[in-house]
Structures are given as C-alpha cells and as structure tokens.
Amino acid sequence: MIYKIKLPIIIKKIQSTEIKEKSFHEIESNSLQTKKHLAREIYPRQSFFPEKK
Amino acid sequence: MYQFFKNIFLTKGFNRTLVYDSLTSKIHFFPNDLYDQLLLNNFRIDKKNNEVFEFLNKKGLLQKISDDLVDCFIDLDDEIQIPYDIATLVFELSGSSSKNLYKLKNQNILQYNFIFADYTSLKSIELFVDFINECESDTIELTFLNGFVYSKHLFELIKSVKKIILLNNFAGIKIDDPSTHKNRYLNSWNDIHFRLSINFINYLESLKHHTYFNKKVFINKDCEIKNSQETKEIYGNLNNDNSFDIAKVFKNPTFKKLWSIKKEDTLVCQDCEFRRLCVDNRLPIKIKNNWVHEEECNYNPYISKWSHEDGFKSLKELDIITKNGYLEMNKEKLSLITNELWEG
Ligand code: SF4
C-alpha cells in the first residue's frame, strides 16, 4: 500500500518544535552519557516531591 | 518493506503521537493522522511513500525487512516484574525514626530515598550511616529539604561509602563533599524532569500500575507507615513493634489501593501522549467510573503545552471540566485555540 497523506501543517509544527525536542535531548544526554544513568537504571524515577509551599 | 524496530513504542495522544525509542531513550512526535494510516497497514511502510518513509527513517525508527521474514520479529513483552516487595522506601530521617532503621534490614527493598530536614539530628545521621553501610541496596538517594543543617557532618561520615549516592538538593544548601569517590550524582530538576521519567522500566510499569504509588512505602519522621507522603491513611508505626514485617502492612486491603490506577483509567491523562512515561504524585480520586485529579498537571495535552511555555492555558481557562466524572469540552473552540497557538 502506498500512503498518500500530507502532514497537517499545524500538527507538523507541534511534532517538530525545537524547544521540546531540545528539552528531551537534554534529559537524554544527562541520563545516557553520565554514570548517573547507571545509577538511575535500577529504579529510575522521582520518588519524592517536596511539598508545595 | 520497512517496519518499526521492536524497541520503538507509540503512544497516541490528543494532538500527536509520541514515539519512544527505548534503546536510545529518545522521544519523537508525529501526527495522529500518520498513526492512523500506519495502523491501517499494520505499521509497515513502503519505501515508495517517500514522505512518510523519509520522515521516520531520518529518525532511525525503521528496519528494512523482506516479506518472508516479516513475522520473525515478535513484539516485546511489555510487562515487568519487579522482584522486590518495595521498590522505593522513602524515609524521613529523624531522631525517632532513625532508632528504628535496623528493623528494615531484612526487608526486600530495592532502593531508599532518605529525607533530611529540620528534624534530622546528628545522632540520626550516625545511625543512618551504619544502616547504609550494612544494607544490600546499591543505590541510596538523599533528599535535602529546608532546615537541614548538618550536611558537612553528613558528607564527612559518608566519605568512604562506595554505594551510588544520588542527591536531590531542594534546600539549595552548600554541599561540601570531601570524598574522592566518583559515585555521587546531583539530580537537577525542572518542570519536565519532575513529571517525566524517560526510561524503559517506567514505560513497562505504567502499563498496569501507577508509577508513583506502586511498590512504594513512606515512613515519616514520627515512624508512621504510609503508601506515600501524599496519602492520608496510616498503616502502623515502626516504633510500636520490636520487629517489622512489611507483609503485615501489605495485608491491609487498602494499602495497595492506588498501585494499579493507570493513566489509561484517568481523565485527561488518558488523552496525553506522555502517559506511559509520566510520574505523577497527585492523588487520584474516583468519580463515577473514572479517576480524576483535583489539581491540574503542568502539562496540558489538549494544546500540547507545558505550563512554563509561551501560550500555555490551563484546563480551567479552556473550560475543560472533569469534576462530574467525565470530560466536558468544546472541541471546536479548542481546535481554534490550538491552531492559533501553533501557527505562525
Ligand atoms: S497530563 Fe500530566 S500527569 Fe497526565 S499523563 Fe500527561 S504529563 Fe502525566
């Protein structure tokens, strides 16, 4: 089957927004390229949120 | 023919589909229209369709495959077993709680998060250091809150600890660490880090569980045992028994009541493309057959904006209502607002 679709312009923008992609790449490089990733690999998530004042 | 690598997972949200690459920990987005088209063709892609092929292939998501091999790549099993009774034990370190730390020694606990605050005494730090030297956990997380004044003393005492130490410094205290070991990591957090945890364990666990409340135990400074800091019910006191057995706590039928509430069952979150990678400490409440939250998330999936981003509007501002146990919204108005936000 050959697809014939046009990515809607607005949605295209949503998916390609630089700001978001950048934020996530930062998370990625923080966690992948340092040993912190290995540490967090065990059960990697935020387990405590400070109470809001 | 091409297909997605088997380590690629898709989550369709309200405006867009999230693509999670579990090998590289990268996420991408693509339009829901494309998701629907791919679904029709069992997520197989013909190179003749240049636009879609180029788009996905550029992101390294596609694997070339011949027709006769196409059934040889089975989907990854997306269930996870965590072979511990408790995945995270969050422990407020006070004079009184630290005296009971030894009772945790024989429990089946994966990792600890110790909270240091104004209630943390010098003596409790010494008991804490004895405990971490003996416990089996490889990783210890330390969280500093306002009022903790003994950080110098603490770092002196843990100078030779070889375990991996993760630090959450919410108090902004000066860290004076004399250790030469490279086993300390300072977590930096922003709004997105707080909400999302982009890793495979989280992705798998979220299929059937609430990734914040599941397999968590919280022991507060007065030794009260709860599921988490946010929950109200108290299921015992570490001070009362000479021995402590988590199995007894778990026997209480309500202790685990939040563990299996999935984002799929929760209004708003079920429309969010981040729902499989999200860690959410808000207490869910049940209205009719749906779970809802009283407080709004800092991400609005209906306009694909985080609260710190330009153009963010809250659910309230968009007249999106969940308090009746179902979602009420004006889709036309919403689509106008989204178009306006993302145009230009
Ligand atoms: S709306 Fe917020 S809490 Fe809900 S799944 Fe999305 S990011 Fe997570």
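The values are calculated or read from the model by the stated rules, or taken from the named source; none is laboratory data. Just so it is clear, the structure is predicted and the values come from calculations on it, not from any experiment. All Cβ positions, glycine included, derive from the backbone under ideal geometry; neighbour counts span all protein chains shown.
Observations, loosely collected:
- Qualifying residue in the stretch B:163-177 (condition: β-branched (Val, Ile, Thr), within 16 Å of the ligand (Cβ to nearest atom), in contact (Cβ under 8 Å) with a residue 24 or more places away in the chain and outside any loop (DSSP other than H, G, I, E, B)): no
- Residues in the stretch B:204-232 that are of a type in the set (Ser, Thr, Tyr) and in contact with a strand residue (DSSP E or B) (Cβ under 6 Å, 6 or more places away or on another chain): B:Ser228 alone.
- Selection status of B:Thr322, near the ligand (Cβ under 10 Å from one of its atoms), polar (S, T, N, Q) and either in contact with a His (Cβ under 8 Å, 6 or more places away or on another chain) or not assigned by TED's automatic domain parsing to the domain that holds B:Ser25 (or both): no
- None of B:Asn324, B:Asn339 is without any contact (Cβ under 8 Å) to a residue 40 or more places away in the chain, surrounded by fewer than 16 Cβ atoms within 10 Å (Cβ to Cβ) and touching a helix residue (DSSP H, G or I) at 6+ places or on another chain (Cβ under 7 Å) except B:Asn339.
- Residues located in the stretch B:294-305, provided they are within 13 Å of chain A (Cβ to nearest Cβ), part of a loop (DSSP other than H, G, I, E, B) and away from the ligand (no atom under 11 Å from the Cβ): B:Ile303
- Candidate set from the stretch B:259-269 (those that are near the ligand (Cβ under 8 Å from one of its atoms) and not hydroxyl-bearing (Ser, Thr, Tyr)); member that is nearest to the other protein chains (Cβ to nearest Cβ): B:Lys263
- Condition check for B:Glu79: more than 21 Å from B:Cys223 (Cβ to Cβ) and either acidic (Asp, Glu) or facing chain A (nearest Cβ under 9 Å) (or both): yes
- Residues in the stretch B:136-162 that are in a loop (DSSP other than H, G, I, E, B) and closer than 16 Å to A:Phe49 by Cα: 2 in all.
Here is a yes/no grid of residues against (1) at pLDDT 95 or above; (2) closer than 27 Å to B:His28 by Cα:
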| site | (1), (2) |
| --- | --- |
| B:Tyr302 | yes, yes |
| B:Trp306 | no, yes |
| B:Glu309 | no, yes |
| B:Lys316 | yes, no |
| B:Ile320 | yes, yes |
| B:Lys323 | no, no |
| B:Lys331 | no, yes |
| B:Thr338 | no, yes |
| B:Leu341 | no, yes |
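- Test: residue in the stretch B:306-317 that is away from the ligand (no atom under 15 Å from the Cβ), of a type outside the set (D, E, K, R) and away from every other protein chain (no Cβ under 14 Å): no
- Qualifying residues in the stretch B:119-156 (those that are surrounded by 17 or more Cβ atoms within 10 Å (Cβ to Cβ) and farther than 19 Å from B:Ile219 by Cα) - the one modelled with the highest pLDDT: B:Leu154
- Hits in the stretch B:61-81 - residues which are surrounded by 12 or more Cβ atoms within 10 Å (Cβ to Cβ) and in contact with a Phe, Trp or Tyr (Cβ under 8 Å, 6 or more places away or on another chain): B:Leu61, B:Leu62, B:Gln63, B:Ile65, B:Asp78
- Scanning the stretch B:270-293 for residues being more than 13 Å from the ligand (Cβ to nearest atom) and either under 16 Å from B:Thr231 (Cα atoms) or assigned by TED's automatic domain parsing to the domain that holds B:Asn214 (or both) gives a total of 2.
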